[in-house]
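What follows is a set of notes on a single structure, which appears directly below.
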Amino acid sequence: QLQLVESGGDLVQPGGSLRLSCAASGFTLDSYVIGWFRQAPGKEREGVSCMSSSGRYTNHAESVRGRFTISRDNAKNTVYLQMNSLKPEDTAIYYCAAHRKLSLFRQCLTTEYDYWGQGTQVTVSS
């Protein structure tokens, strides 16, 4: 059974850093595109970062570019989202999601994903 489990969400101060983890089971990362999404109360879900199935390519939303980095550890079958210079507007529930290999990787922040984790809360506040 394909499963994604996020962890690492926490309360942090503005300017702080946090690393989220997405542990995958039931499949290997080289067969799926992985994306990180977030949703704040009253706002639409937005794509944050994504990684190609090969791990060679990544994409980031303009709002987080230069601050967030997606990476993975194949041995652990885990994808990470390193978040630096956090801002209050980064506060949201963060989800990781998996999608079968995309023919157009540039769509990875907007395409409808097949599998989702339960989410982890990130709160940035002083």
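Can you tell me the dipole magnitude for the chain around its Cα centre, using point charges on the Cβ only (Lys, Arg +1; Asp, Glu -1), in Debye to the nearest 20? If you can, show how the numbers build up before the last one.
Working: 13 positive and 11 negative charges, 58 e Å.
Here the size comes out at about 280 debye.
As a length-normalised measure over Cα pairs under 8 Å and 6 or more apart, the relative contact order of the chain settles at 36 percent. For K76, the lysines whose Cα comes closer than 29 Å to its Cα, not counting residues fewer than 8 places off in the same chain, are K101. Put a dot 7 Å past the Cα of K101, heading toward its Cβ, do the same for Y57, and the two dots end up 1.2 nm apart. Near the amide H of Y115, within less than 5 Å, lie the amide hydrogens of A98, all on another chain or at least 5 residues away, with H placed in the peptide plane. Under a 5 Å amide H cut-off, with hydrogens placed 1.01 Å from N, T91 pairs with V124 among residues at least 5 apart or on other chains. Each residue of the stretch 8-25 was assigned a 3J(HN,Hα) from its phi angle through the Karplus expression (A = 6.51, B = -1.76, C = 1.60, θ = phi - 60°), giving x, x, 6, 8, 9, 7, x, x, x, 10, 7, 10, 9, 10, 10, 8, 9, 9 Hz with x at Gly and Pro. Across the stretch 54-71, coupling constants 3J(HN,Hα) worked out from phi with the 6.51/-1.76/1.60 Karplus curve, θ = phi - 60°, read 6, x, 7, 10, 9, 9, 9, 5, 4, 5, 10, 4, x, 10, 9, 9, 9, 8 Hz, and Gly and Pro carry x. A convex hull fitted to the Cα coordinates of the stretch 1-71 yields 112 cubic angstrom per residue. If I compute solvent accessible area with a 1.4 Å probe over the protein chains, what percent of it on the stretch 1-94 is carbon and sulfur? Carbon plus sulfur share of accessible area: 44 percent. Computed from backbone phi, the HN-Hα couplings of the stretch 96-105 come to 9, 8, 10, 9, 4, 2, 9, 6, 10, 4 Hz, rounded to whole numbers (Karplus: 6.51 cos²θ - 1.76 cosθ + 1.60, θ = phi - 60°; Gly and Pro given as x).
Test of understanding: what is the full-extension gain from Q118 to N84, defined as 0.36 nm times their sequence separation minus their Cα-Cα distance?
Numbers: separation 34, 0.36 × 34 = 12.24 nm, distance 2.26 nm.
The Q118-N84 span can extend by a further 10.0 nm.
Note on the chain: Rg/Rh from Cα positions, Kirkwood definition for Rh, rounded to two decimals, is 0.94. Exposed loop sites were defined as GluC sites (Glu not before Pro) in DSSP loop states (anything but H, G, I, E or B) carrying at most 11 other C-beta atoms within 10 Å; in the chain the longest segment without such a site runs 63-111. For S71, the accessible surface of its heavy atoms amounts to roughly 50 Å² (probe 1.4 Å, protein chains only, rounded to the nearest 10). Subtracting the Cα-Cα distance of T28 and T110 from 0.36 nm times their residue separation leaves 27.3 nm of extension gain. Accessible surface for V12 stands near 20 Å², nearest 10, in the context of the full protein assembly shown (1.4 Å probe). FRET efficiency for the A75 to D10 pair, using the beta carbon distance and R₀ = 22 Å, is estimated at 0.30.
The values are calculated or read from the model by the stated rules, or taken from the named source; none is laboratory data. Everything quoted here is computed from the prediction, not taken from an experiment. Cβ atoms come from the backbone with ideal geometry, glycine included; neighbour counts cover every protein chain shown. Keep in mind that these areas ignore ligands, DNA and RNA; they rest on the heavy atoms of the full protein, side chains included. Shrake-Rupley method; radii C 1.70, N 1.55, O 1.52, S 1.80 Å.
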